[in-house]
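Quick notes on the structure that follows.
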Amino acid sequence: MRLLMPAAFIAIAIASPVVAQVQPFPASFRTEQIGTNGTTLHVRLGGQGPAVVLLHGYGETGDMWAPLAAALAPRHKVVVPDLRGMGLSSRPEGGFDKKTQGQDIAGVLDALKIERADLVTHDIGNMVGYAFAAQYPRRVSRFVVMDAPLPGIGPWEEVLKNPLLWHFRFGGPDMERLVAGRERIYLDRFWNEFSADPKSFSEASREHYAKLYAQPGAMHAGFSQFAAFDQDALDNKAFLAKGKLTVPVLAIGGEKSFGSTMAEVMRFAATDVTELVIPNSGHWLMEEQPAETIAGVVAFLDK
């Protein structure tokens, strides 16, 4: 199922003036609801040329990619989904393991008649992107991963010991009740603690994403992304047992976050890894140092 909608759909769906304060996608972009793999993903589309897929992470939606999409659109067909259960995508009961979500992305590309694409991913998007590339290696041309680990790969067990990542194991029957009505408080912790300077994550962006995550079922879906990590680790080890990725990989880390560790992680999973550390940035590269991040991505994809 593909439902074509105007770019203004986001503003209508959320009915909030804060949307206008977040950088919009170029006016030439459109949005579609694309049925795939038992769910429906909200997808932004625009540009001309070889395809590139941008996958967001937790605490944001595909809206985070607007500045990069604008930079890529003159030379690339840009595909920007909201992941399963997040943003304006539908919220199924299950399927939050990243292997299944990699199949979601394959279904989107099938619907758009795109055989092969570059990948640019951040945070949980890295995990979905890796699962897609491992399952469909011939469908990926280049892979840019940004500032997050891969479950079960490389130093994963050491990463889990970091007390700042307690949310990886936050669960139980009361977790949603504890956060209900306090979504902004919960999300501020991510935006503050994982930034080199919390002021770089603007108040307009915080209001925008907090409103999206306060929608019915959105926090449940977000928690489900983390709850799937144990299964993701098993799946990733099985992928890796069949061989490393051979496509060119650019591993970007924020200097105040994963830094060069991002490349170390990816060298466990891929044979051709280039390292890029963005100075004066924490985890939120597109908010903290957008110009440097975009320049690095564009240069790598346009080699």
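With G217, G222 as the choices, which residue is under 25 Å from G95 (Cα atoms) and surrounded by fewer than 19 Cβ atoms within 10 Å (Cβ to Cβ)?
Matching residue, one of G217, G222: G217.
Look at L68 and say whether it is crowded, with 20+ Cβ neighbours inside 10 Å, of a type in the set (A, V, I, L, M), modelled with pLDDT of 95 or more and assigned to a helix (DSSP H, G or I).
yes
Is it the case that the range 101-115 has a residue that's surrounded by 19 or more Cβ atoms within 10 Å (Cβ to Cβ), in contact (Cβ under 8 Å) with a residue 12 or more places away in the chain, over 23 Å from D235 (Cβ atoms) and among the charged types (D, E, K, R)?
So far as the range 101-115 goes, no, none of its residues is surrounded by 19 or more Cβ atoms within 10 Å (Cβ to Cβ), in contact (Cβ under 8 Å) with a residue 12 or more places away in the chain, over 23 Å from D235 (Cβ atoms) and among the charged types (D, E, K, R).
Among the residues of the range 197-219, which ones are over 19 Å from P24 (Cα atoms) and among the basic types (K, R)?
Within the range 197-219, just K199 meets the criteria.
At least 1 residues that are within 17 Å of the chain's Cα centre (by Cα) and of a type in the set (D, E) in each: list the helices (runs of 4 or more DSSP H) lying fully within the range 180-275 that qualify.
229-241
Among the numbered criteria (1) modelled with pLDDT of 90 or more; (2) among the β-branched types (V, I, T); (3) in a helix (DSSP H, G or I), which single criterion is violated by V79?
Exception for V79: condition (3).
Output the residues belonging to the range 45-85 that are β-branched (V, I, T), in contact with a Phe, Trp or Tyr (Cβ under 9 Å, 6 or more places away or on another chain) and under 18 Å from G296 (Cβ atoms).
Scanning the range 45-85 gives V53, V78.
This table checks each residue for (1) surrounded by fewer than 18 Cβ atoms within 10 Å (Cβ to Cβ); (2) among the polar types (S, T, N, Q); (3) over 30 Å from S90 (Cβ atoms).
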| position | (1), (2), (3) |
| --- | --- |
| A228 | no, no, no |
| A238 | yes, no, no |
| L245 | no, no, no |
| G253 | no, no, yes |
| F268 | yes, no, yes |
| T271 | yes, yes, yes |
| P279 | yes, no, yes |
| A295 | yes, no, yes |
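The values are calculated or read from the model by the stated rules, or taken from the named source; none is laboratory data. Since the structure is predicted, the reported quantities are computational estimates derived from the model, not experimental observations. Heads up, the Cβs are rebuilt from the backbone with ideal geometry, glycines too, and the neighbour counts pull from every protein chain shown.
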